[in-house]
Amino acid sequence: MKDQFIIYFKDMGIHYQAEVKAFDLEGVRVYDVYYSVRPRPVPAIRVQVYAGRANGEVIYWRQRLTGAKDELIEPAFIEAIGFAIEQAGMSNS
């Protein structure tokens with residue numbers, strides 16, 4: 001599995017690109033996602049996401065808040081990021 005890769009995703013009609021850096025944290029695969037509106041790669045915004053499971057095989061993507069200045073992002077946006085990670089074949093949750 002690659003620890004760094006690029007994803008492309010769309011949310012509410014806006015196209016995004018992101019550099020993703022994956023790492024393990026206490027047995028959970030966490031993704032540092034640096035995203036920006038396409039085609040402008042800067043300035044990038046950082047968010048951490050991870051995959052969780054509820055009952056069955058359904059994957060729910062969640063945001064990991066790492067500091068007091070982190071803002072909670074709309075769940076649909078986090079799901080769009082997670083789906084792009086899944087499509088890249090990087091999710092091993």
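The values are calculated or read from the model by the stated rules, or taken from the named source; none is laboratory data. The model shown is predicted, which means the values in this text are computed figures rather than measured ones. In this analysis, Cβ positions are derived from the backbone assuming ideal geometry, glycine residues included, and neighbour counts consider all displayed protein chains. These accessible areas exclude ligands, DNA and RNA; they are computed on the full protein's heavy atoms, side chains included. Shrake-Rupley method; radii C 1.70, N 1.55, O 1.52, S 1.80 Å.
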Completion exercise
Residue-ordered couplings for segment 68-78, obtained by feeding phi - 60° into the Karplus form 6.51 cos²θ - 1.76 cosθ + 1.60 and rounding to whole Hz (Gly and Pro as x), are 5, 8, 5, 9, 6, 9, 3, x, 5, 5, 4
Completion exercise
Label model pair Lys10, Tyr34: point-to-point distance (7 angstrom along the Cα→beta-carbon line) in nm is 2.6 nm
Exercise for the section: Could you pull the accessible area for Asp3 with a 1.4 Å probe, rounded to 10 Å²? Expected result: 90 Å²
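Whenever you get a sec, line up Leu65, Leu72, Leu25 from highest to lowest accessible area (probe 1.4 Å, protein heavy atoms).
Reading off the accessible areas and sorting them downward yields Leu72, Leu65, Leu25.
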Practice task
Return the distance in nm (one decimal) between the two label points of a simple spin-label model at Asp3 and Gln87, each offset 7 Å from Cα along Cα→Cβ.
Solution key: 2.7 nm
Completion exercise
Relative contact order of the chain (C-alpha contacts under 8 Å, at least 6 apart) in percent is 23 percent
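Can you bin the chain into rounded, prolate or oblate? Criterion: square roots of the alpha carbon gyration tensor eigenvalues sorted a ≥ b ≥ c, rounded for a/c under 1.5, prolate for a/b above b/c, oblate for the rest.
Working: a/c = 1.40, a/b = 1.33, b/c = 1.05.
Rounded shape, in that the Cα axes give a/c under 1.5.
State which stretch of the chain is the longest one without any exposed GluC sites (Glu not before Pro), exposure meaning a DSSP loop state and at most 14 other Cβ atoms within 10 Å.
27-56
Starting from the chain, pick out the trypsin sites (Lys or Arg not before Pro) whose DSSP state is loop and whose Cβ has at most 16 other Cβ atoms within 10 Å. Let's see the in-between values first.
On the way: sites: Lys2, Lys10, Lys21, Arg29, Arg46, Arg53, Arg62, Arg64, Lys69; in loops: Lys2, Lys69.
Listed in order of number, the matching sites are Lys2, Lys69.
Where does each of Asp24, Asp11 land when they are ordered by accessible area, with a 1.4 Å probe and the largest first? Walk me through the numbers before you get to the answer.
Details: Asp24 105, Asp11 30 Å².
Sorted by accessible area, descending: Asp24, Asp11.
By the scheme Lys and Arg +1, Asp and Glu -1, what is the net charge of all other residues having a beta-carbon under 11 Å from that of Asp70? Write down the numbers at each step before the final one.
Values: positive: Arg46, Arg64, Lys69; negative: Glu71.
Net local charge, Asp70 excluded: +2.
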Handout entry: Accessible area of the chain belonging to carbon and sulfur atoms, whole % at 1.4 Å probe
Key = 52 percent
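Rounded to the nearest 500 deg cm²/dmol, what is the calculated helix-only ellipticity per residue at 222 nm for the chain, with -39500 (n - 2.57) per DSSP H run of length n ≥ 4? If you can, show how the numbers build up before the last one.
Numbers: 1 runs with 13 residues, N = 93.
Calculated from helices alone, the mean residue ellipticity at 222 nm is -4500 deg cm²/dmol.
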Fill in the blank from the handout: The local net charge around Ala18, scoring Lys/Arg +1 and Asp/Glu -1 for residues other than Ala18 whose Cβ lies under 11 Å from its Cβ, equals +1
Problem - Mean accessible surface per residue for the chain, computed with a 1.4 Å probe while every protein chain stays in place, in Å² - result: 66 Å²
